[in-house]
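Peer 1: One structure follows; several queries about it will come next.
Since every read-out is calculated from the coordinates, none of them should be taken as a lab result. These numbers come from a predicted model, not from an experiment. Here the Cβ is made from the backbone with ideal geometry for all residues, glycine too, and neighbour counts use every protein chain on show.
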Amino acid sequence: MTAPAAPRAVILQIGPLMPALDATLRDHHEVLPAQALTADAPLANAADAARVTAVVTSAPVGVPAAWLPQLPALNVVSSFGVGLDQLPLADCRARGLPVGYTPDVLNDCVADLAMGLLIDGARRIAAADRFVRRGDWLQGRFPLATKVSGKRLGIVGLGRIGQAVARRAAGFDMDIAYTKRRPAEGVGWRHEPSLLALAQWADFLVLTVAGGADTRHLVNAEVLRALGPHGLLVNVARGSVVDQAALIACLHSGELGGAALDVFDDEPRVPQALIDMEQVVLAPHMASGTLDTRQAMADLTLANLRAGLAGEPLPSPAP
């Protein structure tokens, strides 16, 4: 006799994912779409919630901590992305619940975009494109911009992505320094313990630090003023790392020279004040947005999910 097929795992999916990843989940599991994050419960039916054995989510969306007690059969949380600030890690640890995420596979693409934003912000490529399209070149020359090569680059948070940014910047002969709680091991770049001192020294300040309560508004008005009227802020970290109101005020007053931003406080809603400023480059949180990287992230999301459902160690557990 043919053995009966194993029951399909019940997956709670929180928010949209890549279409191909969505399809793979549906093909192999019973997928229950979660209610809105503002809801008190993950699913309208408590009996369905009691059957859920895994949660699949993404870094910007995460998992409400209040939902975990309503998922008694939960064995694993697998998150598509590198950010951990929206995941209730302490609650999961207390319950012995493994949490997977997708670092490393996106380092290169995030670092590539950081350098692209830096070059655009300094050389004003997007602004020059608008200048040509508007026909302004017929009326006169485009204003002079800022050289990139040989400048001073400060990196806030020298983890995997920060180090990838530094390696790229070295190819532009930049003088590189970084700040983090402790000096990074095995690197030759200068460690600057003070963020304020780093900002005062740097021509360009790139943010690659993790989000969360510990780094909320780490870059405040004082830091932005220290970066100065010729300085450029590049953010590929989290919108919460920067005091967005202070950023707008410093850009408006000229106390900060410019900004190149991939992340914002309330995505996808970007303040009109930032949209209206010519010295600001805006991107739609696209740092990992390449076909190659997103597929690698999807593969790792599935690998973490499968390992967790099988009771095996996750290939990429959250720290």
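Peer 1: Nearest 10 degrees is fine. How inclined is helix 107-123 to the longest principal axis of the chain, computing both from alpha carbons?
Peer 2: Computed tilt is about 30 degrees.
Peer 1: What does DSSP give for the chain in terms of the percent of beta bridges that are antiparallel, rounded to the nearest 5? If you can, show how the numbers build up before the last one.
Peer 2: Numbers: 2 of 39 bridges.
So the antiparallel bridges in the chain amount to around 5 percent.
Peer 1: Among all stretches of the chain without exposed trypsin sites (Lys or Arg not before Pro) (DSSP loop, at most 10 other Cβ atoms within 10 Å), which one is longest? Each step should come with its number before you reach the end.
Peer 2: On the way: sites that count: R134, R141, R181.
The answer is 182-319.
Peer 1: For M174, M297, M286, M277, what's the fewest-to-most ordering of other Cβ within 10 Å of each Cβ?
Peer 2: Least to most surrounded, the residues fall as M286, M277, M174, M297.
Peer 1: In degrees from 0 to 90, rounded to the nearest 10, what is the angle of the helix 244-253 Cα long axis to the longest principal axis of the chain?
Peer 2: The two axes meet at around 10 degrees.
Peer 1: If you place +1 on the Cβ of every Lys and Arg, -1 on the Cβ of every Asp and Glu, and leave all else neutral, what size is the dipole of the chain about its Cα centre, to the nearest 20 Debye?
Peer 2: Numbers: 27 positive and 31 negative charges, 94 e Å.
Once rounded to the nearest 20, the dipole reads 460 debye.
Peer 1: Can you sort S316, S78 by how many other beta carbons sit within 10 Å, fewest first?
Peer 2: S316, S78
Peer 1: Let me ask something else. Mind checking the angle between helix 19-28 and the chain's longest principal axis? C-alpha axes, 0 to 90 degrees, to the nearest 10.
Peer 2: So the inclination is approximately 10 degrees.
Peer 1: Which percent of Cα-Cα pairs in the chain sits in each 10 Å bin, short to long?
Peer 2: 6, 25, 29, 21, 13, 5, 1, 0, 0
Peer 1: Using a/c under 1.5 as the rounded threshold, could you call region 42-191 rounded, prolate or oblate? The axes a ≥ b ≥ c are square roots of the C-alpha gyration tensor eigenvalues, and prolate needs a/b larger than b/c, oblate otherwise. Don't skip to the end; give the middle numbers.
Peer 2: On the way: a/c = 4.27, a/b = 1.87, b/c = 2.29.
Judged from the Cα gyration tensor, region 42-191 comes out oblate (a/c at least 1.5, b/c at or above a/b).
Peer 1: Same structure, new question: If the convex hull of the alpha-carbon atoms of region 107-282 is projected onto planes in all directions, what is the mean projected area in square nanometres?
Peer 2: 10.1 nm²
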